[in-house]
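Please read the structure below before turning to the comments.
The values are calculated or read from the model by the stated rules, or taken from the named source; none is laboratory data. The shown structure was predicted, so the numbers you read here are calculated from the model rather than taken from an experiment. Because the Cβ atoms are built from the backbone with ideal geometry, glycine has one as well, and the counts that use them run over all protein chains shown. For the accessible areas, the whole protein counts, side chains as well, though only heavy atoms, and no ligand, DNA or RNA atoms are used. Shrake-Rupley method; radii C 1.70, N 1.55, O 1.52, S 1.80 Å.
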Amino acid sequence: MTGGALRLVLGDQLSEGLAGLRDLDPARDTVLMAEVEAECTYVRHHKQKIVLVLSAMRHFAGALAVLGIPVRYVRLDDPENSGSLGGEVARAVRDLRPGRVVVTHPGEWRVLEEVRGWEAGLGVPVELREDDRFLCAIGEFRAWADGRDGARMEDFYRVMRRTHGVLMEADGTPAGGAWNYDRDNRAPFRRLPPVPQRPAFAPDAVTRAVMAEVETRFGGHFGTLEGFGWPVTRAGAVRALERFVAERMPGFGKHQDQMASGEPFLFHALVSTSLNLGLLLPWEVVAAAEAAWRAGHVPLAAAEGFVRQVLGWREYVRGVYWARMPGYAATNALGAERALPGFWWTGETAMNCVRHVVRQVRDHAYAHHIQRLMVTGNLALLAGFAPGPVNAWYMTVFADAYEWVELPNVQGMALHADGGVMGSKPYAASGAYIDRMSDYCRGCAYDVRDLAGEAACPFNALYWDFVARHRARFEGNARMAPVIRNLDRMPPARLAAVRARAAAVLAAMEAGEEAVPALRG
Ligand code: FAD
Ligand code: DLZ
Ligand code: SF4
């Protein structure tokens, strides 16, 4: 290929329309894809995530080859594999002598920094192209957010709805007359009719080969592979989206915030893994939701609730990430310093909600939004676990985790470590919230109605301890005013007992002694 372009495609850039693949000349250019140890271990990803990425990479390379595109595909077991992306680009440049290297903007700051250093070492130009598989470009988000006091998601979402003409009436008003139908999305989940099964994609020969390799090389990583059922091809991802729209989307809005024992997926779409790999593109997902509503197949509240996640939240968190990095990763506005207890990895805790979520992520590399935010996220916030290890946990356990989307959700939404960039008030809640939104408390050793007793739900005391600890920071916050008023109404002796209970809970967690079996018998 001497003189042509070497086009790097990263593991989460598996889209045929990728910017870096445009204007490709199959007679002169070569696509480089490389399975490398460094990307599999910079966090000790869940085994399902490594299988997902590597299997999807192998399938995508096969699809490019069918199109007649030359692909240099480096496998993990290649004896000459250097182990890093930079090493593989350098090796390919040495072997193929391209005239330039084309890279599509990577999804993580860490990799972008690495790419920026390549040109100096390689001796050929490195062209960095914008990743336009998003509905809002990084620069567009910056321009919108700059100088705006409180650049909140809800305002951004409205701009996105207008700009892209999604769920809009001809006169420029939102479909149905409102921007947001969250009020209609709070129905309890009563298990009847039952939740339609998620489509599970049985591992094919390619995936099975990757599974064996991952067990050999990364057997000590978190998680199990038994239930692996993620789509690893574009065709599979499209089928999964179609099944979601046809079968589960009608219940999506209504039960969006619910959690239920034994129902890891409920009515959620399970499309984040495919979207984040590039097997699905956000506009087709948004269009599918709108079309389902216009065809009368799903209520507006379901379509709007879903569109808000993809057109709103997903684009918004990416904007925040690139506008605020690298400083964003180091924020710790609430001074949280506690170590993460061992049960975050083992699930061995008497807290039924936490046990449920940890076991679910072990088995499926998946938890839905409210489980991530209001169970593990909430516990980390209330207990004051240090952001670093909490982020590492979220990056590790989820099949859809990439820093551009994980970090703002954890640092901003769950931990309030960014001091209020993502949300004007922290998502802090006592056990009563979890009780209202799930059936976890019914099967728990702790008593969700008790505040300070020996068997009291740990979330309760931790919640009031959190509010008391940060009273000064939040007392001027109008949205926190009712909570502060309730704190101030608590008799001092009662508050002292609650805070003593919180201290005991935290000390037990720190000592690894929290897993008290069946406190209530
Ligand atoms: P659904 O509930 O069906 O939603 C549809 C789609 O909307 C998702 O696939 C996703 O693409 C998008 N979406 C919804 N909420 C968000 C959000 N807050 N941010 C970005 N996109 C959103 N999502 C990831 O993709 N990767 C992560 O690493 C990740 N970490 C998270 C950590 C925390 C603490 C929280 C609160 C949320 C996190 N999310 C993350 C967002 C959200 O939980 C997942 O996108 C969602 O659970 C994926 O499952 P689903 O496809 O079934 O989503
Ligand atoms: C997540 C991941 C993994 C596990 N392995 C690879 C790999 O071997 N080769 C590769 O090109 N990409 C991999 N990825 C995805 C990258 O980590 C991802 O491109 C960066 O984190 C930027 O988002
Ligand atoms: Fe979780 Fe508390 Fe409910 Fe137990 S009682 S499931 S710890 S919220």
Please name whichever of Gln256, Val320, Cys353 sits farthest to the positive end of the charge dipole of the stretch 209-368, dipole taken about the Cα centre and charges placed at Cβ: Lys and Arg +1, Asp and Glu -1. Val320
With runs of 4+ DSSP H residues as the only contributors, calculate the mean residue ellipticity of the chain at 222 nm using -39,500 (n - 2.57) per run, divided by the residue total and rounded to the nearest 500. -12500 deg cm²/dmol
When only alpha-carbon atoms count, how far does the stretch 253-410 stretch along each of its three principal axes, as whole angstroms with the largest first? 51, 39, 25
Compute the long axis of helix 387-397 from its Cα atoms, compare it with the longest principal axis of the Cα atoms of the chain, and write down the angle in degrees, 0 to 90, nearest 10. 60 degrees
Rotationally averaged projected area of the stretch 23-72 (alpha carbon convex hull; nm²): 4.0 nm²
Please give the helix 492-510 orientation as an angle from the longest Cα principal axis of the chain, in degrees from 0 to 90, rounded to the nearest 10. 40 degrees
List the residues of the stretch 219-253 whose backbone N lies under 16 Å from a point placed 7 Å from the Cα of Glu284 along the Cα-to-Cβ direction. 231-246
Charge-dipole axis of the stretch 14-150 as Lys and Arg at +1 and Asp and Glu at -1 on Cβ define it, positive-most pick from Asn81, Ala137, Val102: Asn81
Suppose R0 equals 60 Å. What FRET efficiency, 1/(1 + (r/R0)^6) with r the Cβ-Cβ distance, do Ala170 and Ala478 give to the nearest 0.05? 0.95
With N residues in the stretch 184-243, what two-decimal value do you get for its Cα radius of gyration over 2.2 N^0.38 Å? 1.55
Helix 458-469 sits off the longest principal axis of the Cα atoms of the chain, rounded to the nearest 10 on a 0 to 90 degree scale, by 90 degrees
Restricting attention to the alpha-carbon atoms of the stretch 391-491, what are Rg (one decimal) and Dmax (integer), both in Å? 15.7, 46
Which whole number in µm²/s is D for the stretch 67-135 by Stokes-Einstein, with the Kirkwood Rh taken over Cα pairs at 10 °C and 1.306 mPa s? 118 µm²/s
At 1.4 Å probe size, with every protein chain present, just tell me what the per residue accessible area of the stretch 403-521 comes to in Å². 45 Å²
May I have the convex hull volume per residue, in Å³, for the Cα set of the chain? 159 Å³
When the Cα centres of the stretch 8-73 and the stretch 270-287 are compared, how far apart do they sit, in Å? 17 Å
First select every other residue whose beta carbon is under 12 angstrom from the beta carbon of Gly107; then total the charges, Lys and Arg +1, Asp and Glu -1. -4
Taking R0 as 30 Å, what FRET efficiency do you get between Ala508 and Asp488 from their Cβ-Cβ distance, rounded to the nearest 0.05? 0.60
Highest-first arrangement of 40-49, 352-361, where packing means the average Cβ count within 10 Å: 352-361, 40-49
Cα-projected label distance for Arg217 with Arg97, points at 7 Å along beta-carbon direction, nm: 3.1 nm
Reciprocal mean inverse distance between Cα atoms of the stretch 48-205 - Kirkwood radius, Å: 21.1 Å
Percent of Cα-Cα distances greater than 24 Å, calculated over the stretch 130-223: 61 percent
Might you report the magnitude of the Cβ-based charge dipole of the chain about its Cα centre, with Lys and Arg at +1 and Asp and Glu at -1, to the nearest 20 debye? 1140 debye
